[in-house]
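See structure below.
What follows draws every value from the coordinates through simple rules; no lab data is involved. Note that this is a predicted model, so its numbers are computed, not measured. Using ideal geometry, Cβ is built from the backbone for each residue, glycine included, and neighbour counts are taken over all protein chains shown.
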Amino acid sequence: MIKQELKNIDELRILREPVEGEMLVNMGPQHPSTHGVLNFLLVTDGEVMHRAVPHIGYLHRGIEKLAEQTEYAGFMPFTDRIDYLAAMAANQAYAMAVEKLAGYVVPERAEFLRVIACELNRIASHLVATGSMAMDIGAVTPFIHWIREREYINEITEELCGSRLTYNYCRIGGVSHDLPATLAGKILLWLDHFEPIIDEFDRLITHNEIFVHRLADVCAISAQNATGYGLVGPNLRASGVDWDLRRDKPYSVYDRFDFNIVLGKGFRGAVGDSYDRFVVRVLEMRESCKILRQALVALPAGEIRSKVPRVIKPPVGETYAAVEAPRGELGYYVVSDGVSSKPYRVKIRTGSFTAMSIIESLSKGVMIADLVAIIGSLDVVAPEVDR
Amino acid sequence: MNFEDIVKTLKAEFGETVKEAAPGTVVADPGEIEKIALFCRDNPLLDFKALIALSGVDHPGRIEIVLHLASYGKKHFLVIKTALDRNKPEISTLENVWKTANWHERECAELLGVLFKGHSDPRKLLLPDDWLGYPLRKDYVPPTEYHGISHSRHNPVEKKRGAPPS
């Protein structure tokens, strides 16, 4: 009944034949470094793991089932709860899917506002990802610095849409609130403040020799494995695969901005090791700052929401829309039956789900302490795994 | 490579077992799915090295398995659909083609009751091990309790109808 119970004989038999000197250890479900409620069953000799079996599902809320019982517009707040660190991207992807399905046009200003909100959210999410990764490994100070910076972003989004975590900012056909007159200046001021802080962060932790030696060459993922296991986003790019939906399948207005795709190059070790995944995220924050500056300058005037009927009934059909969320491709496969105002089926493809699935194959022969580094570097968020 | 060329390449290899459906989508024969998947992955022109998502949809009378494929090198996409008998949905596993299919299939199996033949790890993934029924099927009736824990609870603040005002 309870998943992590060890007396389940079948479970043990599937795991492996017991070997002299081996033991089974539970890590989680309540463990400070597992980024949410998830459980690992470790087969270990005490120091080196022979296998780590992830048990997920503790946060499974059946969001896909809820979608079938909620009207199209009413599902938007649920999307916030898929990935609480990057709710804006989940909002945008769902709005894009329904707009594509029903054929609504989004005003240009709304597209820009979505980009601004998403890039702010990307920085906020990477701040937590890199900060908590450093903290998991033992460096507490950077996390405190990052949380201070994230607080400014929270204040900006609070002024933008009234929320600090679950934004519910996108509407089908636009966004909920216009950018307040003074906020663009505030964001620019914050960017002027934040970019030097990244340099400070680099001095503090990214180029810290102890930190580098702790992470370099730990659990390198080859490009072939990363693609095969369906890794997406920074995890995929850290392995050297040049793929970013913002550039390769342009959505919204991303084709108008000039930014670089950051790839893992084996900065201090092998390509695709834990340190690469860390550095890729730090560098992506700089790229997001670039996009933000361009978007704030180019922000056109106009409507923020197009006329959309109160009850949305898309024609029969299906669509897949995906965005480059901070944790990689976040996509919605939405099926409409043409008569109902509720989706017939919504499938949500998230980055953490596939990132979680690679851990078992990575874990063989790795120290238990490095498992923490793997989870941290893959930036797994438990509600996104379970949905 | 545009969609027409992808369909041509697939038809040249598999003939009528692959049919063109909506733009960007082909419908494949469920029996041939493993061969088609392998061909899509290994053909240098198609190069679908990534399985983006494997979804199941419960349509009246059939369960559809939908594969979203992407090629990172060639920058093109393909959707492969295949329909299974709703009373006995069975399909061969694709975990030997794309490793990520392992978890996608486990999720699809427990939520829609699809049997993936040859799957190496058929345990439940998201639901508790003793969960009954397949929640994403349209005729699923949600349970009212789980091990004695009720799913609904009366509101202690709301007054009962007809109770005198206090």
Given segment A:105-310, what count of lysine pairs have C-alpha atoms under 30 Å apart, with each pair 8 or more places apart or on different chains? 5
Roughly how far apart, in whole Å, are the Cα centres of segment A:73-106 and segment A:148-178? 14 Å
Once you have the Cα-Cα distance between B:Arg153 and B:Lys11, take 0.36 nm times their residue separation minus that, and quote the gain in nm to one decimal. 45.4 nm
Summarise the partner chain shielding of A:340-346 as one whole number: the mean count of Cβ atoms from other chains within 10 Å of each residue's Cβ. 2
If I take every Cα pair under 8 Å that is 6 or more residues apart in segment A:105-310, average their sequence separation and divide by the length, what percent do I get for the relative contact order? 32 percent
Whichever aspartates and glutamates have a C-alpha closer than 14 Å to that of B:Lys19, once near sequence neighbours (fewer than 8 apart) are set aside: B:Glu4, B:Asp5, B:Asp29, B:Glu32
What distance in nm lies between label points placed 7 Å from Cα along the C-beta direction at A:Thr182 and A:Asp199? 2.9 nm
How high is the relative contact order of chain A? Use alpha-carbon pairs under 8 Å, at least six apart in sequence, and give a whole percent. 26 percent
Net charge near A:Glu284: determine it from the other residues with C-beta under 9 Å of the C-beta of A:Glu284, scoring Lys and Arg +1 and Asp and Glu -1. +3
Long-range amide H partners of A:Ser363, meaning residues 5 or more apart or on another chain whose placed amide H is closer than 5 Å, are A:Ala52
Give a residue-ordered list of calculated ³J(HN,Hα) values for segment B:130-144 (Karplus: 6.51 cos²θ - 1.76 cosθ + 1.60, θ = phi - 60°; whole Hz; x for Gly, Pro). 9, 6, 9, x, 10, x, 8, 6, 5, 9, 6, 9, x, x, 8
Tell me the label-point distance for the pair A:Arg310, A:Ser222, using the 7 Å Cα-to-Cβ offset, in nm and rounded to one decimal. 6.0 nm
Suppose a student asked you for the relative contact order of segment B:1-142, using Cα pairs under 8 Å spaced at least 6 residues apart; what percent would you report? 18 percent
To the nearest 0.05, how large is the calculated FRET efficiency for A:Asp258 and A:His31 if R₀ is 60 Å and r is the Cβ-Cβ distance? 0.90
Selection from A:Gln69, B:Ala50, A:Ile156, by position along the positive dipole direction of the protein assembly as shown (Cβ): A:Gln69
Scan around B:Leu127 for amide H atoms under 5 Å from its own, H built in the peptide plane at 1.01 Å from N, and keep only partners 5 or more places away or cross-chain. none
Treating the beta-carbon of each Lys and Arg as +1 and of each Asp and Glu as -1, no other charges, what is the dipole magnitude of the protein assembly as shown about its Cα centre, to the nearest 20 debye? 1400 debye
Once phi is turned into θ = phi - 60°, what whole-Hz ³J(HN,Hα) does the Karplus curve with 6.51, -1.76 and 1.60 give for every residue of segment A:173-180, x standing for Gly and Pro? x, x, 10, 7, 10, 7, 5, x
Rounded to the nearest angstrom and ordered from largest down, what semi-axes does the equivalent ellipsoid of segment B:3-150 get from its C-alpha gyration tensor (root of 5λ)? 31, 16, 13
Can you work out ³J(HN,Hα) from phi for every residue in segment A:162-171, in order, using Karplus 6.51 cos²θ - 1.76 cosθ + 1.60 and θ = phi - 60°, giving whole Hz and x for Gly and Pro? x, 10, 10, 10, 9, 6, 6, 8, 6, 10
For the protein assembly as shown, convex hull volume per residue from C-alpha positions, Å³: 185 Å³
Which of B:Lys81/B:Lys138; B:Lys35/B:Lys88; A:Lys313/B:Lys99 have a Cα-Cα distance over 29 Å? A:Lys313/B:Lys99
Grab the other residues whose beta carbon is less than 13 angstrom from that of A:Ala134, score K and R as +1, D and E as -1, and report the net. 0
Under a 5 Å amide H to amide H cut-off, with H placed in plane at 1.01 Å, what residues pair with A:Arg171 once short-range neighbours are removed? A:Ser176
